[in-house]
Ligand code: 9YT
């Protein structure tokens, strides 16, 4: 059994800050769960271009509201507290926060923590060790 507390992640290298988001990485590949789990804040009034070509991600909004737009077809989906979106097609998307949004995100395969969003909003696959 492993217990992880948000308060113990904050201020460590598992708290990562981008221009439009902050993410607290609760579980990573090193935790050997087969997925990673993130508590991510998307900042109000921002747009983030994301395209996880190598990962599947599900995102559960637990606070706030905004929208997600899929680039391939221009469809816009509203996001509110209680909404899940699942990027089951590795969908390239724009994520927009109307308010701050707090999102619980899971990735398969798990994020290692060493990925950096490249200019296409993509995380490369990182093989550890
Ligand atoms: C909302 C979203 O896609 N969050 C992903 C996690 C975050 N970008 C991270 O931990 O890198």
The stretch 44-58, residues that are within 11 Å of the ligand (Cβ to nearest atom) and not in a strand (DSSP E or B): 51, 52, 55
So residue 45, is it buried (at least 18 other Cβ atoms within 10 Å of the Cβ) and at pLDDT 95 or above: no
Flag for residue 33 being in contact with a strand residue (DSSP E or B) (Cβ under 6 Å, 6 or more places away or on another chain), more than 28 Å from residue 69 (Cβ to Cβ) and at pLDDT 95 or above: yes
Top-ranked residue of the stretch 14-38 - restricted to ones that are within 9 Å of the ligand (Cβ to nearest atom) and not in a loop (DSSP other than H, G, I, E, B), ranked as surrounded by the fewest Cβ atoms within 10 Å (Cβ to Cβ): 22
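The values are calculated or read from the model by the stated rules, or taken from the named source; none is laboratory data. These figures come from a predicted structure and were not determined experimentally. All Cβ positions, glycine included, derive from the backbone under ideal geometry; neighbour counts span all protein chains shown.
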